[in-house]
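For reference, the structure is listed below as structure tokens.
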Amino acid sequence: MRYACLLALLVASGCVASGADLNQLRDGLSTAGAIGRTAQLAMASVTASADVAVCAAASTRCSAYPCTATATITLGDACPLPYGEGAEGTVTVDGSFSAADSATVTSTFVGAKSTSMPIVVVKTQSVNVSRSGDITTVTYTGQDVDTKSNTLAAQQSWTVTVDGKGSDDPTDDVITIDGVGQAAGYGADDVSVSGAQLTPACRLNPVAGTASVQKVSLTDITQDEITFHATCDGKADVRGSTGGTKSVRL
């Protein structure tokens, strides 16, 4: 009975029998999606002659390069976050543009929240943004991001690809996330994400891709392999080091 209760508690809290904590994975995906979406909208607006989306307003624009410019993203129904429903708040993005398709940006998230997913990012700096056609690529490290999360690893590296699908409507974007987070010291979790895809039809779990969460202790190494559900149900399948697969909510 005691074991059954413990197992139920672990699953309910986002953990599996190996002890891996999925909160870091959830916070990493949420942060990457928010940074990627807002950076892409800001670049599109400040390098165009007019705002490319109703939720992205450029207070300054670039007509020649190098250039500095600012855009404000207003989150809401017209500008949802890719991960999490009921987005609210604003994001101010200041960019230093070496060319129309290359910039380094700093973002400030004010009152950013979601009704279904914690939004932990507060501010970014030195985030690299590049664009080729409809594809915008955003890269950053853990040192570039301030968050409210106490789960994200000390050393992180993330790449977010935003496919605009030839449309100015941000609700049409498909976002793919790859990243790693390496924690310092024993007893902490390392996270790796490969091809996690966020689509306009789903604001919950990624609908494609995989991840792994590894915990290293003085005496043992455990690893959980995670496969995101193709259905939009907010869950993923987690296979622990000891075998067996459980469906858990992120």
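The values are calculated or read from the model by the stated rules, or taken from the named source; none is laboratory data. Note that the structure is a prediction, hence the values are computed from the model and not measured. All Cβ positions, glycine included, derive from the backbone under ideal geometry; neighbour counts span all protein chains shown.
For the reader, a short list of remarks on this structure follows.
- Odd one out for S247 among (1) under 30 Å from T171 (Cβ atoms); (2) modelled with pLDDT under 85; (3) loosely packed, with under 14 Cβ neighbours inside 10 Å: (2)
- Subset tally (residues that are free of Cβ contacts under 8 Å to residues at least 60 places away in the same chain, crowded, with 16+ Cβ neighbours inside 10 Å and not charged (D, E, K, R)) for region 185-199: 4
- Summed over region 73-102, the residues that are more than 22 Å from G166 (Cβ to Cβ), surrounded by 14 or more Cβ atoms within 10 Å (Cβ to Cβ) and over 19 Å from the mean Cα position of the chain (by Cα) give a count of 4.
- Residues of region 148-180 classified as in contact with a Lys or Arg (Cβ under 8 Å, 6 or more places away or on another chain), in a strand (DSSP E or B) and over 20 Å from S102 (Cα atoms), total: 1
- Residue within region 28-48 that is surrounded by 21 or more Cβ atoms within 10 Å (Cβ to Cβ), out of contact with any helix residue (DSSP H, G or I) (no Cβ under 9 Å at 6 or more places or on another chain) and modelled with pLDDT under 85 present: no
- When the criteria are applied in full, A112 fails the requirement of being surrounded by fewer than 20 Cβ atoms within 10 Å (Cβ to Cβ), touching a helix residue (DSSP H, G or I) at 6+ places or on another chain (Cβ under 9 Å), aliphatic (A, V, I, L, M) and under 19 Å from V162 (Cβ atoms).
- Pair list, Cβ < 6 Å and 6+ apart or interchain, from region 96-120 residues that are within 17 Å of T31 (Cβ to Cβ) to residues that are among the acidic types (D, E) and modelled with pLDDT of 95 or more: T106/D94
- Put simply, of V138, V145 the only residue that is of a type in the set (V, I, T), under 20 Å from S114 (Cα atoms), modelled with pLDDT of 80 or more and out of contact with any Pro (no Cβ under 9 Å at 6 or more places or on another chain) is V145.
- Output for region 21-73, where each listed residue is of a type outside the set (K, R), touching a residue at least 60 places away in the same chain (Cβ under 8 Å) and closer than 15 Å to D94 by Cα: I35, G36, T38, A39, Q40, L41, A42, M43, A44, A56
- Condition check for K165: under 22 Å from A87 (Cβ atoms), basic (K, R) and in contact with an Asp or Glu (Cβ under 8 Å, 6 or more places away or on another chain): yes
- For region 213-227, the tally of residues that are among the polar types (S, T, N, Q) and either outside any strand (DSSP E or B) or surrounded by fewer than 18 Cβ atoms within 10 Å (Cβ to Cβ) (or both) stands at 4.
- Residue check for V207: touching a residue at least 60 places away in the same chain (Cβ under 8 Å) and either surrounded by 18 or more Cβ atoms within 10 Å (Cβ to Cβ) or on the phi > 0 side of the Ramachandran plot (or both): no
- Residues of region 131-138 include none that is buried (at least 16 other Cβ atoms within 10 Å of the Cβ), among the aliphatic types (A, V, I, L, M), more than 30 Å from S96 (Cα to Cα) and in contact (Cβ under 8 Å) with a residue 40 or more places away in the chain.
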